[in-house]
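Shown next, in structure tokens, is the structure this report addresses.
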Amino acid sequence: MGRNFRRAGAAVLAALTTTALVACSSEQAPQAEENGGGGDDAATETISIGFSQVGAESGWRAANTKSIQDTLTAENGFDLKFSDAQQKQENQIQAIRSYIQQGVDVIAFSPVVETGWDAVLEEAKAASIPVILTDRAVDSEDESLYESFIGSDFVLEGEMAGDWAVEQYDGEGFKAVELQGTTGAAPMIDRQQGFADAIAGSDIEMIDSQTGNFTRTEGKQVMEGFLQKYDDIDLVFAHNDDMGLGAIEAIEAAGKVPGKDIKIITVDAVKDGMQALADGKINYIVECNPLLGPDLAEIAKKVVAGEEVQKRIVVEDQAFDQEAAKEALPDRQY
Ligand code: GYE
């Protein structure tokens, strides 16, 4: 009951805060080619924007990078400077400092972890360069350090995953393990919390939880360790598809059947994940929409034009079971 209320609350909040900016669902997919969401006041002057990406750790990240690069084009009025931080905070800080030095019009980035950004964000503020957060949040007391945060509600994603697990498996005494995303990253912290809240009060027990850093390789390694340590795992909650796909390999190598002997729930809904779901190897996927380019373009244009923007733009996500994945797969673009 309490969970449903929270979810309803989050949905209302999402509706209130997204208005015209609701990120495209997969069916509507990218408006990237159109005009980058620039609207009436399409800038006549090119906007230089420095974007510091987390890395290239997952299918989700690849789709996110493509959305940004396809949208922030010269045709759309942007001069994009793009850098890949290889999942290291120090690389992101260095990239942001170099964008400040170059005097770009806007800085955007997807913070690899939540904490430790205040100093560099203050440097951007002192240089009067607006900052837009995409995908992941920062944990900062001072909200004036950034203009807007565009991204999904990760707590809600974890809750949706946990609610489905409870609906399907409560009463069976399931033992679950968790493959966490990058330690200290917003989606890792929030998905873990959402899932834990949702299964509290059910008889699903979380017996172990370790980071697989959002990658397939590490997801596989961590799952191998779990399988050696426990012979009674019923359920895996992986914070993204890639780690779930790694877990599938480990489970098969251990002679068990993923999706049957050991159920798997993941987050993202990228093509490889959706294929595994349609094939019966994953049981449920909560979507996380990576197509943030159009919203970023729109917000960047507004910020440069001195217009007010929403502090928080919540991207809405859906979820898929095996049947829904079969239907959605042919049109899945990423
Ligand atoms: O779920 C994962 C990626 O920050 C929402 O990062 C993103 C997460 C996504 O590596 O696959």
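Bear in mind these aren't lab numbers, they're just calculated from the coordinates by the rules spelled out. These figures come from a predicted structure and were not determined experimentally. Note that each Cβ is placed from the backbone with ideal geometry, even for glycine, and that neighbours are counted across all protein chains shown.
Per-structure values
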item: Taking only Cα atoms of the chain, radius of gyration then Dmax in Å; result: 20.0, 63
item: Options A165, I189, V222, ranked by Cα towards positive dipole end of the stretch 154-287, top entry (Cβ charges); result: V222
item: Stokes-Einstein D for the stretch 175-280, Kirkwood Rh over Cα pairs, 20 °C, 1.002 mPa s (µm²/s); result: 160
item: Point-charge dipole on Cβ atoms (K/R +1, D/E -1) for the chain, about Cα centre, debye to 20; result: 440
item: Peptides 151-159, 60-68 ordered by average Cβ neighbours within 10 Å, highest first; result: 151-159, 60-68
item: Value of relative contact order over the chain, rounded to a whole percent, pairs C-alpha under 8 Å and six or more apart; result: 21
item: Helix 186-199 axis, angle to the chain major axis (alpha carbon atoms, nearest 10°); result: 40
item: Unit charges at the beta carbon, dipole of the chain: most positive-side option, A250, N289, I129; result: A250
item: Helix 154-169 vs. the chain, principal-axis angle (Cα, 0 to 90°, nearest 10); result: 20
item: Value at 222 nm in deg cm²/dmol, rounded to 500, when DSSP H runs of n ≥ 4 in the chain each add -39,500 (n - 2.57); result: -13000 deg cm²/dmol
item: Among beta bridges that DSSP assigns inside the chain, antiparallel share in %, nearest 5; result: 5
item: Cross-link reach list, lysines versus K220, counting only Cα pairs under 20 Å and skipping chain neighbours closer than eight places; result: K175, K229, K256, K260, K263, K271, K281
item: For peptides 178-190, 208-220, 233-245, sequence by mean Cβ density within 10 Å, most packed first; result: 233-245, 178-190, 208-220
item: 0 to 90° range, to nearest 10: angle between helix 241-253 axis and the chain longest Cα axis; result: 30
item: Long-range HN-HN contacts of K263 with modeled amide H, under 5 Å; result: L235, V236
item: Extension gain (nm, one decimal) between T73 and V257, 0.36 nm per residue minus Cα-Cα; result: 61.7 nm
item: log₁₀ of I(q)/I(0) at q = 0.14 Å⁻¹ - the stretch 99-152, Debye sum with one point per alpha carbon; result: -0.31
